[in-house]
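**Q** Here you go, one structure.
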Amino acid sequence: MEYDISSTISLVSHIHSAAADFLRLRLNQHGLPNLSSSHGFILFLLSKEEKLTMSQVAKRINRDKSTATALVQKLKNSGLVETLANKDDGRSKFIMLTAKGREYNKITAKLSTELIEKFYKDFTQDERRQVYDLLLRISSHFD
């Protein structure tokens, strides 16, 4: 399919779909559950911070609390996260990675590197920076 300047959003959508297909295929090759990008982002966040409350997760993934709860529940059912009582606030629980979740993150980190290499194949460092800067600028229009 050919694209012109007026079909930029279609092109971005195509790239997003192709990247999702790439990750889905690679996850299947590793025998890992196919999770949505929101699930993956939650696991990534938990790799950076030991534990988060549901409210913190919802805020960081830009979803309402009920959506975040459903996403975390699927991760919990898959054995990738566990919940722990918050001693400071009985109304909330902490979400933490399990050993299986940490292993999942190790594999997906490698897959992310593969995806980035594929995305930027044949690009110079300057071109990579330009693409990033332009996409960041476009993204800011929607904040």
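The values are calculated or read from the model by the stated rules, or taken from the named source; none is laboratory data. Remember, it's a predicted structure, so these values are computed and weren't measured experimentally. In this analysis, Cβ positions are derived from the backbone assuming ideal geometry, glycine residues included, and neighbour counts consider all displayed protein chains.
**Q** State yes or no: is S10 over 20 Å from T113 (Cβ atoms) and of a type in the set (S, T, Y)? First the steps, then the outcome.
**A** Values: over 20 Å from T113 (Cβ atoms): yes; of a type in the set (S, T, Y): yes.
So S10 fits the description; yes.
**Q** Looking at T108 and the list (1) within 21 Å of A19 (Cβ to Cβ); (2) out of contact with any helix residue (DSSP H, G or I) (no Cβ under 7 Å at 6 or more places or on another chain), which single condition is not satisfied?
**A** Of everything listed in (1) within 21 Å of A19 (Cβ to Cβ); (2) out of contact with any helix residue (DSSP H, G or I) (no Cβ under 7 Å at 6 or more places or on another chain), T108 misses just condition (2).
**Q** Give region 1-49 a look and list any residue that's closer than 30 Å to T83 by Cβ and of a type in the set (S, T, Y), or say none.
**A** S36, S37, S38, S47
**Q** So how many residues does region 123-143 have that are under 17 Å from A19 (Cβ atoms) and not in a helix (DSSP H, G or I)?
**A** Number satisfying all stated conditions: 1.
**Q** With respect to Y120, is the statement that it is touching a Lys or Arg at 6+ places or on another chain (Cβ under 6 Å) and surrounded by 11 or more Cβ atoms within 10 Å (Cβ to Cβ) true? Break it down stepwise before answering.
**A** On the way: touching a Lys or Arg at 6+ places or on another chain (Cβ under 6 Å): yes; surrounded by 11 or more Cβ atoms within 10 Å (Cβ to Cβ): yes.
Yes: the conditions hold for Y120.
**Q** Give region 85-134 a look and list any residue that's of a type in the set (A, V, I, L, M, F, W, C) and more than 17 Å from the chain's Cα centre (by Cα), or say none.
**A** Matches in region 85-134: A85, F94, A99, F123, V131, L134.
**Q** Which of the residues belonging to region 70-97 are under 21 Å from N34 (Cα atoms) and out of contact with any helix residue (DSSP H, G or I) (no Cβ under 9 Å at 6 or more places or on another chain)?
**A** Selection gives A70, Q73, K76, N77.
**Q** Name the residue that is nearest to L27 (Cα to Cα), counting only residues in region 39-68 that are surrounded by 15 or more Cβ atoms within 10 Å (Cβ to Cβ) and among the hydroxyl-bearing types (S, T, Y).
**A** It comes out as S47.
**Q** Between residues in region 16-38 that are under 13 Å from Y104 (Cα atoms) and residues that are among the aliphatic types (A, V, I, L, M) and modelled with pLDDT under 85, which pairs lie under 9 Å by C-beta distance while being six or more apart or on different chains?
**A** R26/L32; L27/L35
**Q** If D122 satisfies every condition in (1) at positive phi; (2) at pLDDT below 95 but one, which is the exception?
**A** Of everything listed in (1) at positive phi; (2) at pLDDT below 95, D122 misses just condition (2).
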